[in-house]
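Student: Just dropping this structure here.
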Amino acid sequence: MPHEPQPQAPDELDAEAVRTWSSLALAALGRAREDIDAINVYPVADADTGTNLYLTAESADRGLAEAFPGVTDGTGTTSLAEAVRAWAHGALVGARGNSGTILAQLLRGVADVLGAEQPEWSDPAEHGGKGGRGTGGLLARALTRAAEEAYAAVAHPVEGTMLTVAGAAARAGEAAGAAAGTAVEVARAAYDGARAALAETPGQLAALSRAGVVDAGGCGLVVVFGALWQALSGQEPAAEPVRGRAVPVPQPQDPCAQEEDGPAYEVIYLLEATEAAVGELRERLDGLGDSLVVVGGDGLWNVHVHVDDPGAAVEAGVVAGRPYRIRITHFGDERRRARGERAQRAVVAVVPGEGLAGLCGEAGATPVLVRPGELPAAAELLDAVRRAHAREVVLLPGGAELRAAAAAAAEQARAEGVRVAVIPTRSAVQGLAALAVHDPEGSFDEDVVAMTAAAGATRYGELAVAERQSFTSAGICQAGDVLGLIDGDVAVIGSGLTETAEAVLDRMLGSGGELVTLVLGPDVPDAVAERLEAYVQHGHLAVDTVTYRGGRYSAPLLIGVE
């Protein structure tokens with residue numbers, strides 16, 4: 001159940017105030033998301049800023065809800081520190097797009113102060129209750145830290161954006177706090193400062209001036225500051241039109257029209273890495289693309305960048321640490337969305353490896369990366385279908401254990417007007433075979449039939465290492481044995497990866513085949529691929545071999561035979 005905003009005691013800054021702020025911000029962003037999407041022209045006119053802010057706030061609110069009841073402050077309620085940290089963490093792990101990533105860092109800055117300091121309560125008798133100057137100063141410091149951290153997270157800050165709005169709000173709040181303002185007064189000053197700064201953004205950024213709109217991210221941030229004031233004061237901000245021009249400029253017929261230059265892909269992932277490694281990652285990604293934002297800390301980061309080579313961006317994350325929840329979006333699809341268009345057809349593919357995710361992204365599919373032991377839920381698959389932004393979607397679950405989640409996601413997408421077909425792929429190599437024959441120009445039914453036939457005609461094998469002694473369909477294995485699986489069943493037990501792979505290939509090619517696909521895990525040397533390619537060529541002259549790197553999180557070896 002969504003949290004219902006609760007009336008606050010005057011000026012009280014505690015966990016319930018944070019929870020109310022979160023709920024109000026989420027509801028307000030939900031109301032404004034379509035209008036904010038409509039004015040999104042910078043840095044890419046992809047009509048998704050309002051949606052990204054809403055989804056980020058939704059993840060933050062979910063993280064906060066999970067903290068209740070959390071660490072208590074001695075009265076049986078969740079502490080302020082615990083609440084703001086859970087809120088910021090929820091935003092970090094669910095941040096979407098450039099604007100959502102910046103919002104996540106703003107909340108982290110708030111948490112750095114409210115999660116570390118205790119309010120210096122004034123005398124209740126002197127100030128009429130719990131609050132007063134202590135909470136006002138604390139909130140002002142939190143907003144200042146938030147703006148500072150947001151600016152630091154962006155590789156090349158640009159004025160006229162939500163950074164400008166955040167900075168103005170912080171300065172206004174700081175001035176109110178310095179004048180012995182209460183938390184309510186600081187919040188009101190920050191809200192007014194944000195609104196004034198937003199009105200000036202078209203004069204600071206040429207793209208906004210040409211389109212005759214204010215900054216979309218800044219518009220969303222004003223909504224968030226309005227929710228803060230409402231949470232502390234109980235007064236609802238007056239409704240304001242999202243589309244107000246701040247300067248008299250001509251309004252083009254298409255506000256989102258602009259040159260379709262710049263990088264072709266948006267890459268986002270969570271990253272487990274040290275701060276030193278992230279510093280090197282920033283430099284590497286800065287040389288690959290633009291719109292680089294890296295937020296987080298304490299070993300967990302959210303990385304956002306626009307690039308032409310998504311594989312290189314993911315590989316940079318692999319060098320730095322352990323990336324996961326990788327999302328790769330092609331801006332061609334986003335620009336169609338900005339014009340109110342949907343692609344006719346798209347493919348969503350679940351893949352067990354970063355290299356495969358990059359490969360599918362380059363092929364035009366929307367990849368969903370799965371890590372060992374962390375299967376994506378139906379909600380994550382549904383999100384990928386929505387991000388594909390097409391009238392028709394082919395979903396490749398890549399495993400029998402994901403069929404139920406894929407079916408649930410497809411059912412919900414159909415209720416939203418999207419035609420979805422789930423092809424029952426049981427391995428990533430079957431998904432690659434289906435993707436290879438995908439014809440976006442043909443009819444939907446014919447395309448689904450062809451992709452289904454290609455997947456069904458592909459036998460799949462996998463090599464894994466036994467973790468313990470156990471009974472298998474091929475006999476008893478010991479811990480450390482190499483297991484060769486064919487179509488999901490253990491067929492070979494061996495001691496070495498290469499020898500076991502050769503035995504699996506013999507069995508799989510015994511019934512014929514024209515193409516062998518090898519997907520190598522991150523620790524498998526190139527020499528193994530060379531030996532297996534030579535082995536296939538020597539024993540089966542008419543069979544071709546293609547090799548890919550599965551990347552981190554992929555199995556030691558996947559084999560497909562078509």
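The values are calculated or read from the model by the stated rules, or taken from the named source; none is laboratory data. Just so it is clear, the structure is predicted and the values come from calculations on it, not from any experiment. All Cβ positions, glycine included, derive from the backbone under ideal geometry; neighbour counts span all protein chains shown.
Student: Mind listing whichever residues of the stretch 509-560 are among the polar types (S, T, N, Q) and either under 27 Å from E362 (Cα atoms) or under 32 Å from the mean Cα position of the chain (by Cα) (or both)?
Tutor: To start, the set of residues in the stretch 509-560 that are among the polar types (S, T, N, Q) comprises 511, 517, 537, 545, 547, 554.
Once the filter is applied, which keeps residues that are among the polar types (S, T, N, Q) and either under 27 Å from E362 (Cα atoms) or under 32 Å from the mean Cα position of the chain (by Cα) (or both), the stretch 509-560 yields T517, T545, T547, S554.
Student: Let me ask something additional. Only one residue in T56, T101, T51 is surrounded by 20 or more Cβ atoms within 10 Å (Cβ to Cβ), at pLDDT below 85 and outside any loop (DSSP other than H, G, I, E, B), so which one is that? Let's see the steps before the verdict.
Tutor: Values: T56 fails: at pLDDT below 85; T101 fails: at pLDDT below 85.
That would be T51, the only listed residue that is surrounded by 20 or more Cβ atoms within 10 Å (Cβ to Cβ), at pLDDT below 85 and outside any loop (DSSP other than H, G, I, E, B).
Student: Being without any contact (Cβ under 8 Å) to a residue 60 or more places away in the chain and farther than 17 Å from M451 by Cα narrows it down to one of E401, E392, so name that one.
Tutor: Numbers: E392 fails: farther than 17 Å from M451 by Cα.
E401 is the lone residue from the list that is without any contact (Cβ under 8 Å) to a residue 60 or more places away in the chain and farther than 17 Å from M451 by Cα.
Student: Continuing with this model, one more query. Take V385 and tell me if it is over 30 Å from R33 (Cβ atoms), in contact (Cβ under 8 Å) with a residue 12 or more places away in the chain, in a helix (DSSP H, G or I) and not polar (S, T, N, Q).
Tutor: It is false that V385 is over 30 Å from R33 (Cβ atoms), in contact (Cβ under 8 Å) with a residue 12 or more places away in the chain, in a helix (DSSP H, G or I) and not polar (S, T, N, Q).
Student: Which of (1) touching a residue at least 24 places away in the same chain (Cβ under 8 Å); (2) surrounded by fewer than 24 Cβ atoms within 10 Å (Cβ to Cβ); (3) touching a strand residue (DSSP E or B) at 6+ places or on another chain (Cβ under 9 Å); (4) not polar (S, T, N, Q) is the odd one out, the single condition L359 does not satisfy?
Tutor: Failed condition: (2).
Student: Let me ask something else about it. Condition first: among the small types (G, A, S), crowded, with 17+ Cβ neighbours inside 10 Å and in a helix (DSSP H, G or I). Now tell me which residues in the stretch 515-557 satisfy that. Show your work before the answer.
Tutor: Here is the first cut: in the stretch 515-557, the residues among the small types (G, A, S) are 521, 527, 529, 534, 539, 542, 550-551, 554-555.
Checking the rest, the ones that are also crowded, with 17+ Cβ neighbours inside 10 Å come to 521, 529, 550-551, 554-555.
A529, the sole residue that qualifies.
Student: Is it the case that T144 is assigned to a helix (DSSP H, G or I), more than 17 Å from D14 (Cα to Cα), touching an Asp or Glu at 6+ places or on another chain (Cβ under 6 Å) and modelled with pLDDT of 90 or more?
Tutor: Answer is yes for this residue.
Student: OK, next. Residue pairs, Cβ under 7 Å, 6 or more apart or interchain, first in the stretch 23-43 and more than 13 Å from A227 (Cα to Cα) and in the same structural domain as M162 (by TED's automatic domain parsing), second assigned to a helix (DSSP H, G or I) and of a type in the set (V, I, T). List them.
Tutor: Within 7 Å, the pairs are R33/T51; I36/T49; D37/T49; D37/T51; N40/T49.
Student: Follow-up. D481 - would you say it is assigned by TED's automatic domain parsing to the domain that holds L505 and either of a type in the set (S, T, N, Q) or surrounded by 11 or more Cβ atoms within 10 Å (Cβ to Cβ) (or both)?
Tutor: Details: assigned by TED's automatic domain parsing to the domain that holds L505: yes; either of a type in the set (S, T, N, Q) or surrounded by 11 or more Cβ atoms within 10 Å (Cβ to Cβ) (or both): yes.
Yes, satisfied.
Student: Something else: Given the conditions (1) assigned to a helix (DSSP H, G or I); (2) under 25 Å from V113 (Cα atoms); (3) touching a Phe, Trp or Tyr at 6+ places or on another chain (Cβ under 7 Å), and given that P157 satisfies all but one, which numbered condition is not satisfied?
Tutor: Unmet condition: (1).
Student: Taking the stretch 304-321, which residues are outside any helix (DSSP H, G or I) and within 15 Å of the chain's Cα centre (by Cα)?
Tutor: Once the filter is applied, which keeps residues that are outside any helix (DSSP H, G or I) and within 15 Å of the chain's Cα centre (by Cα), the stretch 304-321 yields H304, V305, H306.
Student: Could you count how many residues in the stretch 269-303 are part of a helix (DSSP H, G or I) and free of Cβ contacts under 8 Å to residues at least 12 places away in the same chain?
Tutor: 4
Student: Suppose we filter the stretch 397-451 for residues that are surrounded by fewer than 20 Cβ atoms within 10 Å (Cβ to Cβ), small (G, A, S) and in a helix (DSSP H, G or I); how many remain?
Tutor: Summing the residues that are surrounded by fewer than 20 Cβ atoms within 10 Å (Cβ to Cβ), small (G, A, S) and in a helix (DSSP H, G or I) in the stretch 397-451 gives 7.
Student: In the stretch 368-381, is there at least one residue being at pLDDT 80 or above, buried (at least 24 other Cβ atoms within 10 Å of the Cβ), more than 19 Å from P310 (Cβ to Cβ) and in the same structural domain as R419 (by TED's automatic domain parsing)?
Tutor: The answer is yes; a qualifying residue exists.
Student: Do the conditions hold for D290, that is, is it within 21 Å of L163 (Cβ to Cβ), of a type in the set (D, E), out of contact with any Phe, Trp or Tyr (no Cβ under 8 Å at 6 or more places or on another chain) and at pLDDT 90 or above? Full working, then the answer.
Tutor: Values: within 21 Å of L163 (Cβ to Cβ): yes; of a type in the set (D, E): yes; out of contact with any Phe, Trp or Tyr (no Cβ under 8 Å at 6 or more places or on another chain): yes; at pLDDT 90 or above: no.
So D290 fails the test.
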